[in-house]
Amino acid sequence: MDQAQKISSRLEGYRNKAPNERLDQLATATGLSQGDSAALAGQGVLTVERANGMIENVIGIFEMPMGVATNFTINGDDILIPMAVEEPSVVAAASYMARIARDNGGFVTSSTLPVMRAQVQVIGVTDPFGARSRILGAKERIIETANSRDAFLVKLGGGCKDIEVHVFPESRRGPMVVMHLLVDVRDAMGANAVNTMAEAVAPIVEEVTGGSVRLRILSNLADLRLSRATVTLTEQSLATKEFSGRRIMDGILDAYEFARIDPYRAATHNKGIMNGVDPVVVATGNDWRAIEAGAHAYAARSGQYTSLTTWEEDKEGRLVGTLEMPMAVGLVGGATKTHPAAQAALRVMNVKSASHLGEIIVAVGLAQNMAALRALATEGIQRGHMALHARNIAIAAGATGADIERIAAELARLGDVRTDKARELLEQSR
Ligand code: COA
């Protein structure tokens with residue numbers, strides 16, 4: 001689609017359409033090609049042959065639902081966001097909060113440069129601080145050698161930019177020195193690029209320290225590659241039929257404080273954020289384990305595991321939410337390049353760079369967090385979640401075709417979303 005063309009992510013009644021109608025509407029809204037539409041529909045696009053080239057011992061393809069979050073406005077641009085996820089109510093919740101956010105100007109995002117860390121572990125030194133100094137003294141040589149392994153990345157403006165040296169004088173295995181290469185990986189996830197560089201510089205590190213290099217590998221605590229999203233919401237925009245805006249705002253602030261101070265709550269709170277983050281990471285063929293590892297390590301960076309988001313009230317009495325987290329996603333390499341649906345997902349969002357994708361992902365994470373906090377702090381999570389989960393229960397009980405929606409609606413109406421009840425309703429209707 002033409003970069004200058006603006007799309008609207010406000011697709012009225014989208015949820016009530018059939019999947020093929022939704023796909024057509026998405027294709028029209030985003031100017032998607034037939035090939036990309038077919039890829040998103042999952043019509044045999046990831047062939048076994050292709051899958052066999054991706055991992056080992058392949059026997060087939062595992063499929064997952066692909067949905068689209070509507071209503072998102074990010075930095076003034078409307079955007080429709082593909083989400084690959086098995087859990088009900090996630091896509092609905094993200095779309096719900098994005099709808100409220102868009103009336104308040106939407107999400108505002110930013111990011112750091114895409115800098116990844118690679119670690120080189122050195123053991124067998126008796127003067128770890130001296131070794132540190134000697135490594136820092138050899139910085140130019142180390143950077144030059146690292147960059148000699150990826151001339152293309154350097155040509156694109158990336159490459160190894162700096163080093164750090166961390167010392168662990170009292171490790172149980174004797175003093176340990178760990179050098180970090182700080183590498184701007186541009187639009188790559190970067191693992192392969194930084195691992196190659198770390199292996200290439202190891203001999204220099206051994207030479208200057210007199211020690212032995214063991215591990216040479218990236219760190220998933222990508223704390224120099226952060227994406228951020230902010231949303232600012234008026235009290236009125238939060239109000240529902242049952243709850244005032246003030247009540248919802250206080251509920252979200254209390255819920256946040258709970259997650260900030262209590263790791264047991266923080267784990268679940270952050271899981272809720274990842275409910276938004278991971279489906280976009282998966283839909284774009286990125287490494288969700290890397291994102292998960294980075295997220296939780298970042299959440300514990302102060303020594304206490306805590307919330308990844310913050311929720312505050314500003315001077316005008318508006319609710320301000322922020323999310324900042326490591327975001328090691330790429331547009332080139334890996335499944336992002338080999339999976340046709342991942343390519344199509346990137347085109348749906350008109351993604352311009354890896355950092356742009358990272359910003360979209362954190363906006364969804366923030367929306368998801370807010371949706372869960374709003375529900376938890378008011379009516380409870382089960383009302384919205386179970387009403388949508390009821391369709392899964394109906395299917396598990398044996399419902400097919402139109403029976404799925406009918407039985408699910410009945411379960412939700414009765415407030416009794418159980419497989420036994422679904423079976424009973426099915427039998428009654430047969
Ligand atoms: N499908 C798609 N979108 C849906 C939806 C559905 N079944 N139900 C709600 N939405 C979204 C839509 O964007 C809708 O507005 P739009 O259709 O104009 O775009 C918006 O939510 C509001 O719809 P409404 O019917 O008023 O929603 P609701 O008040 O019944 O809320 C939930 C339903 C699920 C969105 C809400 O309960 C929620 O956010 N719950 C938390 C769910 C959660 O956090 N899940 C994570 C795992 S537990």
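Evaluate the range 132-139: report whether one residue or more is closer than 26 Å to GLY330 by Cβ and either touching a Ser or Thr at 6+ places or on another chain (Cβ under 7 Å) or not assigned by the TED database to the domain that holds LEU346 (or both).
If we filter the range 132-139 for residues that are closer than 26 Å to GLY330 by Cβ, which is where we start, we get none.
No: the range 132-139 contains no residue that is closer than 26 Å to GLY330 by Cβ and either touching a Ser or Thr at 6+ places or on another chain (Cβ under 7 Å) or not assigned by the TED database to the domain that holds LEU346 (or both).
Kindly indicate which of ILE273, ILE217, ILE248 is under 30 Å from ALA200 (Cα atoms), touching a residue at least 24 places away in the same chain (Cβ under 8 Å) and either open to solvent by 10 Å² or more (accessible area, probe 1.4 Å) or not basic (Lys, Arg) (or both). Outline the logic, then answer.
Details: ILE273 fails: under 30 Å from ALA200 (Cα atoms); ILE248 fails: under 30 Å from ALA200 (Cα atoms).
Selected residue: ILE217, the only one of ILE273, ILE217, ILE248 that is under 30 Å from ALA200 (Cα atoms), touching a residue at least 24 places away in the same chain (Cβ under 8 Å) and either open to solvent by 10 Å² or more (accessible area, probe 1.4 Å) or not basic (Lys, Arg) (or both).
Going by what's in this entry, would SER133 be described as out of contact with any Cys (no Cβ under 6 Å at 6 or more places or on another chain), of a type in the set (S, T, N, Q) and either outside any helix (DSSP H, G or I) or closer than 30 Å to ILE291 by Cα (or both)? Let's see the steps before the verdict.
On the way: out of contact with any Cys (no Cβ under 6 Å at 6 or more places or on another chain): yes; of a type in the set (S, T, N, Q): yes; either outside any helix (DSSP H, G or I) or closer than 30 Å to ILE291 by Cα (or both): no.
Criteria not met by SER133.
Considering GLY333, GLY415, which residue is away from the ligand (no atom under 16 Å from the Cβ) and modelled with pLDDT under 95?
GLY333
Test of understanding: among ARG374, ARG391, ARG418, which residue is surrounded by fewer than 18 Cβ atoms within 10 Å (Cβ to Cβ) and among the charged types (D, E, K, R)?
Only one candidate passes the filter, namely ARG418.
Keeping to the range 379-409, report how many residues are within 30 Å of ALA295 (Cα to Cα) and over 26 Å from the mean Cα position of the chain (by Cα).
1
Only residues that are touching a residue at least 24 places away in the same chain (Cβ under 8 Å) and either open to solvent by 60 Å² or more (accessible area, probe 1.4 Å) or among the hydroxyl-bearing types (Ser, Thr, Tyr) (or both): list them for the range 34-64, please.
SER37, ARG50, GLY53, MET54, MET64
In the range 17-55, which residues are over 19 Å from ALA84 (Cα atoms) and outside any loop (DSSP other than H, G, I, E, B)?
Step one: list which residues in the range 17-55 are over 19 Å from ALA84 (Cα atoms), which gives 28-29, 31, 33-34, 48-50, 52-53, 55.
Scanning the range 17-55 gives THR28, ALA29, GLN34, VAL48, GLU49, ARG50, ASN52, GLY53.
Restricting the search to the range 366-415, which residues are among the charged types (D, E, K, R) and farther than 25 Å from ASN275 by Cα?
ASP403, ARG406, GLU410, ARG413
Can you confirm whether VAL154 is at pLDDT 95 or above, under 30 Å from LEU346 (Cα atoms) and either of a type in the set (Val, Ile, Thr) or surrounded by 14 or more Cβ atoms within 10 Å (Cβ to Cβ) (or both)? Full working, then the answer.
Values: at pLDDT 95 or above: yes; under 30 Å from LEU346 (Cα atoms): yes; either of a type in the set (Val, Ile, Thr) or surrounded by 14 or more Cβ atoms within 10 Å (Cβ to Cβ) (or both): yes.
Yes; evaluated as a whole, the condition is true for this residue.
Among THR196, THR230, THR209, which is the only one that is touching a residue at least 12 places away in the same chain (Cβ under 8 Å) and farther than 30 Å from GLY334 by Cβ?
Values: THR196 fails: farther than 30 Å from GLY334 by Cβ; THR230 fails: farther than 30 Å from GLY334 by Cβ.
Only one candidate passes the filter, namely THR209.
Within the range 65-80, restricting attention to residues that are away from the ligand (no atom under 12 Å from the Cβ) and part of a strand (DSSP E or B), which residue is surrounded by the fewest Cβ atoms within 10 Å (Cβ to Cβ)?
Among them, the one singled out is ASP77.
Check the range 131-140 and report whether any residue there is surrounded by fewer than 17 Cβ atoms within 10 Å (Cβ to Cβ), away from the ligand (no atom under 16 Å from the Cβ) and free of Cβ contacts under 8 Å to residues at least 24 places away in the same chain. Write out each step before concluding.
Taking the range 131-140 as the starting set, the residues that turn out to be surrounded by fewer than 17 Cβ atoms within 10 Å (Cβ to Cβ) are 133, 136-137, 139-140.
This time we only want the ones that are away from the ligand (no atom under 16 Å from the Cβ), so: 133, 136-137, 139-140.
Of the ones still in play, those that are also free of Cβ contacts under 8 Å to residues at least 24 places away in the same chain are 133, 140.
Within the range 131-140, one or more residues are surrounded by fewer than 17 Cβ atoms within 10 Å (Cβ to Cβ), away from the ligand (no atom under 16 Å from the Cβ) and free of Cβ contacts under 8 Å to residues at least 24 places away in the same chain.
Being more than 21 Å from PHE107 (Cβ to Cβ), open to solvent by less than 10 Å² (accessible area, probe 1.4 Å) and under 17 Å from the mean Cα position of the chain (by Cα) is the filter here; which residues of the range 342-370 pass it?
ALA342 - this is the single residue of the range 342-370 that is more than 21 Å from PHE107 (Cβ to Cβ), open to solvent by less than 10 Å² (accessible area, probe 1.4 Å) and under 17 Å from the mean Cα position of the chain (by Cα).
Mind counting the residues in the range 371-404 that are within 9 Å of the ligand (Cβ to nearest atom), part of a helix (DSSP H, G or I) and closer than 30 Å to THR109 by Cβ?
Result for the range 371-404: 9.
Can you spot a residue in the range 170-180 that is within 16 Å of the ligand (Cβ to nearest atom) and part of a loop (DSSP other than H, G, I, E, B)?
For the range 170-180, residues within 16 Å of the ligand (Cβ to nearest atom) and part of a loop (DSSP other than H, G, I, E, B): absent.
Filter the range 1-18 down to the residues that are in contact (Cβ under 8 Å) with a residue 12 or more places away in the chain and either of a type outside the set (Gly, Ala, Ser) or more than 16 Å from the ligand (Cβ to nearest atom) (or both) and list them by number. Show your work before the answer.
First pass over the range 1-18, keeping only residues in contact (Cβ under 8 Å) with a residue 12 or more places away in the chain: 1-3, 5-11, 14-15.
Scanning the range 1-18 gives MET1, ASP2, GLN3, GLN5, LYS6, ILE7, ARG10, LEU11, TYR14, ARG15.
Only one residue in VAL332, VAL281 is of a type in the set (A, V, I, L, M) and surrounded by fewer than 24 Cβ atoms within 10 Å (Cβ to Cβ), so which one is that?
Numbers: VAL281 fails: surrounded by fewer than 24 Cβ atoms within 10 Å (Cβ to Cβ).
The match here is VAL332.
Would you say GLY365 is within 30 Å of ALA342 (Cα to Cα) and either away from the ligand (no atom under 11 Å from the Cβ) or not in a helix (DSSP H, G or I) (or both)? Steps first, please.
Numbers: within 30 Å of ALA342 (Cα to Cα): yes; either away from the ligand (no atom under 11 Å from the Cβ) or not in a helix (DSSP H, G or I) (or both): yes.
Taking the combined requirement at face value, the residue satisfies it.
Taking the residues in the range 336-362 that are assigned to a loop (DSSP other than H, G, I, E, B) and closer than 18 Å to ALA84 by Cβ as candidates, determine which candidate is farthest from the ligand (Cβ to nearest atom). Break it down into steps so the answer makes sense when it comes.
As a first pass, look at the range 336-362 and keep what is assigned to a loop (DSSP other than H, G, I, E, B): 339, 349-353.
Cutting the leftovers down to closer than 18 Å to ALA84 by Cβ gives us 339, 349, 351.
Numbers: HIS339: 25, MET349: 18, VAL351: 22 Å.
Taking the candidates together, the pick is HIS339.
In the range 251-270, how many residues are open to solvent by less than 10 Å² (accessible area, probe 1.4 Å) and either among the aliphatic types (A, V, I, L, M) or touching a Cys at 6+ places or on another chain (Cβ under 9 Å) (or both)?
3
In the range 96-130, what residues are under 24 Å from the mean Cα position of the chain (by Cα), buried (at least 20 other Cβ atoms within 10 Å of the Cβ) and in a loop (DSSP other than H, G, I, E, B)?
GLY106, PRO114, listed by residue number.
The values are calculated or read from the model by the stated rules, or taken from the named source; none is laboratory data. Keep in mind that this is a model prediction, so the values were computed, not measured. No Cβ is skipped: glycine too gets one built from the backbone with ideal geometry, and neighbour counts run over all protein chains shown. Ligands, DNA and RNA are stripped out before the accessible areas are found, and what is left, the full protein with its side chains, is counted by its heavy atoms. Shrake-Rupley method; radii C 1.70, N 1.55, O 1.52, S 1.80 Å.
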